[in-house]
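The values are calculated or read from the model by the stated rules, or taken from the named source; none is laboratory data. Computed from a predicted model, the values in this text were never measured in an experiment. Here the Cβ positions follow ideal geometry from the backbone for every residue, glycine too, while neighbour counts run over all protein chains shown. Remember, those area values only see protein heavy atoms, side chains included, never the ligands or the DNA or RNA. Shrake-Rupley method; radii C 1.70, N 1.55, O 1.52, S 1.80 Å.
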Amino acid sequence: MSPPTALKKLLFALPAAGYAAVQRIREKAYASGLFESIGASVPVISVGNVLMGGSGKTPFVIYLAEFLLNCGIRPAVISRGYGGRSRVTVLVVGEGRAKPPRVEPADSGDEPYLIATRLPDVPVLTGARRILPIEVSRRLFQCDLAILDDGFQHLQLRRDVDIVLLNGREDAMFPLGSLREPPSAIRRSDLVVLMGEGTVPPPGCKQHISDKPVFRCRVIPTEFVRTTGCEPVGLLPKRSVVLVSGIAHPERFRKTAEEIGLRVKRHAIFRDHHEFTDKELRQVLDEAGGLPLVFTEKDWVRLPAWIKESENVAALRIGLVMENEPQFKEMLVRSLRGAWPEISAKL
C-alpha cells in the first residue's frame, strides 16, 4: 500500500463510515414509512446510479426516451438541473414541440440542455422537487410517463421502475471513494444495466444484484457535431487531434476517441461542468497548433458561438446500443403492467 493511499484511508475511513450510516438510516426511514414518498399521476421510470460523477446516465436517458417515443408513449425527462443557476420551482428547458431549448445551459444545467437538444420531441423540465415538474409536464404537454434523470436517491418520489447503471468503478463510500450510497442500496432497483462492453460488477455490488435482471449497453460514437451539421464518424479520416473535456471521467472520452482511430496528440482536461472562458479556449487553440479540436457533446453545448464556428472544431456524439433489447422491453412491460396497463399495452 502506497503512503498516499494509506494516509487517505486513515483520514477518510471514519467520515466514509459515518456517511454510509446516514444513507442507510435515510433509506430505512423511507422504507418504513417514517418519511413519506409521494406518487405521481403518471408512471415514473428512474435512471440513476450509486456513484458520484458520470456513469453514462445522460446517453441512457436519451436512449430510453427515444425507445419509449418509438413505442407510442409520450415521455417527459425530469431532472434536478444540477449546475444550473435557475432557482424557479419548475423550469421548462424544452417543450417537446420540435423546437430548440427555451433556456441557456447555464440556467438549466448541462445535461438537461443537452437532452433537450438531442430530443426536440420530448419535454424536458427541471425542479428540485421532482413531483412538481412531472405534474407540469402532464398538464402542459400531455405527457403520459416521466423519466427521472439521476433519480435513484430521490426517495421522496415513488417510482414504478428503478434502473441502476453500473460502470465497474463503484469503489468505496465518499469521501474515501466515490460512492454516494452503500452498494446494498442496489437492492432497491428493479433493473441493473452494465455500461460498456466488458464491464463487470465490482465485488461489493455482486451480491446485491444476484436476483436482478441485468442488461448491458455498449457505448458507440455516432457522429461529429459541427455548427454546419453532423458527419458520421466513419467519414472522418484517421487523423491527429486535440481532445478537450470537462467531464467526470475524461479517460473514457480519450479511449472512445482512440477506438475510432483518432490519434490523440494532447488532451486538455478541465474539471467536471467547467465553464470555459474565452482566454482558456484561445490558449487551447494556440497550443493545438492547427490540429482539430474535439470536445465532448456535453461541453459543446456550453461553448461560445465563436469557437463552435471555428474551422476544425467539433464535438463527438455518443450513442448507446442495448443488448437483448426485446428482453429489456419485456421487463419494462412486466414492471408497469399492474399499475399502468394502458402504458404497458403500448410497449
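Of all DSSP beta bridges in the range 91-216, what percent run antiparallel (nearest 5)? Let's see the in-between values first.
Working: 3 of 11 bridges.
The antiparallel proportion sits near 25 percent.
Leaving out ligands, DNA and RNA but keeping every protein chain, what accessible area does Arg282 have, in Å² rounded to the nearest 10, with a 1.4 Å probe?
Roll a 1.4 Å probe over it and Arg282 shows about 120 Å².
Please list, in order along the range 95-107, the HN-Hα scalar couplings obtained from phi with the Karplus expression 6.51 cos²θ - 1.76 cosθ + 1.60 (θ = phi - 60°), rounded to whole Hz, x for Gly and Pro.
Running phi through 6.51 cos²θ - 1.76 cosθ + 1.60 with θ = phi - 60° gives 7, x, 10, 6, 10, x, x, 7, 10, 8, x, 5, 7 Hz.
In nanometres, what is the gap between the two model label sites at Val214 and Arg271, each 7 Å from Cα along Cα-to-Cβ?
So the two model labels end up 3.6 nm from each other.
Using modelled amide H (1.01 Å from N, peptide plane; none on Pro or chain starts), what sits under 5 Å from the amide H of Gly319, excluding residues fewer than 5 places away?
For Gly319, whose amide H was placed from the backbone, the distant partners under 5 Å are Ile220, Thr222.
Given DSSP loops and a limit of at most 14 other Cβ atoms within 10 Å, what is the longest stretch of the chain that contains no such GluC sites (Glu not before Pro)?
37-196
By the scheme Lys and Arg +1, Asp and Glu -1, what is the net charge of all other residues having a beta-carbon under 11 Å from that of Gly94?
Result for the neighbourhood of Gly94: +2.
What is the calculated FRET efficiency for Lys206 to Glu251, with r their C-beta to C-beta distance and R₀ = 30 Å, to the nearest 0.05? Display every interim value, and only then the final one.
Values: r = 24 Å, r/R0 = 0.80.
Calculated transfer efficiency: 0.80.
Would you mind pulling out the separation of the Cα centroids of the range 264-333 and the range 179-232, in Å?
20
Which FRET efficiency value, to the nearest 0.05, is calculated for Glu330 and Ser310 with the Förster distance at 41 angstrom and r the Cβ-Cβ distance? Can you show the working numbers first?
Details: r = 47 Å, r/R0 = 1.15.
After rounding, the FRET efficiency stands at 0.30.
Largest first, how would Val61, Val214 line up by accessible area (1.4 Å probe)?
Val214, Val61
Quick one: Karplus J couplings for the range 313-322, per residue in order, coefficients 6.51, -1.76, 1.60, θ = phi - 60°, nearest Hz, x for Gly and Pro?
Karplus values, whole Hz, x for Gly and Pro: 10, 8, 10, 9, 8, 10, x, 10, 10, 8.
Quick check on the chain: helices-only [θ] at 222 nm, where DSSP H runs of length 4 and up contribute -39,500 (n - 2.57) each and the sum goes over total residues. Nearest 500, please.
Theoretical 222 nm ellipticity from helices: -10000 deg cm²/dmol.
Hey, what do the phi angles of the range 117-126 turn into as Karplus ³J(HN,Hα) couplings, whole Hz, using 6.51/-1.76/1.60 and θ = phi - 60°, x for Gly and Pro?
Running phi through 6.51 cos²θ - 1.76 cosθ + 1.60 with θ = phi - 60° gives 5, 6, 10, x, 9, 10, x, 10, 10, 10 Hz.
If I take every Cα pair under 8 Å that is 6 or more residues apart in the chain, average their sequence separation and divide by the length, what percent do I get for the relative contact order?
On the way: 681 pairs, mean separation 63.2, N = 347.
In percent, rounded to a whole number, it is 18.
At a Cα cut-off below 12 Å, give the aspartates and glutamates reachable from Lys57, other chains included and same-chain residues fewer than 8 away excluded.
The qualifying aspartates and glutamates are Glu111, Asp149, Asp150.
Where does each of Ser32, Ser37 land when they are ordered by accessible area, with a 1.4 Å probe and the largest first?
The most accessible residue leads, giving Ser32, Ser37.
Express in Å², to the nearest 10, the accessible area of Phe12 obtained by rolling a 1.4 Å probe over the protein heavy atoms while all chains stay in place.
Counting only protein heavy atoms, Phe12 exposes about 70 Å² to solvent.
If you place +1 on the Cβ of every Lys and Arg and -1 on the Cβ of every Asp and Glu, how big does the dipole about the Cα centre of the range 192-347 come out, in debye to the nearest 20?
300
Once fully extended, how much extra length lies between Leu140 and Asp278, figured as 0.36 nm per residue of separation less the alpha-carbon to alpha-carbon distance? Could the numbers behind the result be given before it?
Numbers: separation 138, 0.36 × 138 = 49.68 nm, distance 3.83 nm.
Extra length from Leu140 to Asp278 when fully extended: 45.8 nm.
For a Förster distance of 56 Å, can you work out the FRET efficiency between the beta-carbons of Arg263 and Phe35, rounded to the nearest 0.05?
0.60
Putting +1 on Lys and Arg Cβ atoms and -1 on Asp and Glu Cβ atoms, find which of Ser240, Ser37, Val124 reaches farthest to the positive end of the dipole of the chain.
The residue sitting farthest along the positive end of the dipole is Ser37.
Name the residues whose placed amide hydrogens come within less than 5 Å of the amide hydrogen of Leu51, ignoring near sequence neighbours (fewer than 5 apart) on the same chain.
Long-range HN contacts for Leu51: Arg180.
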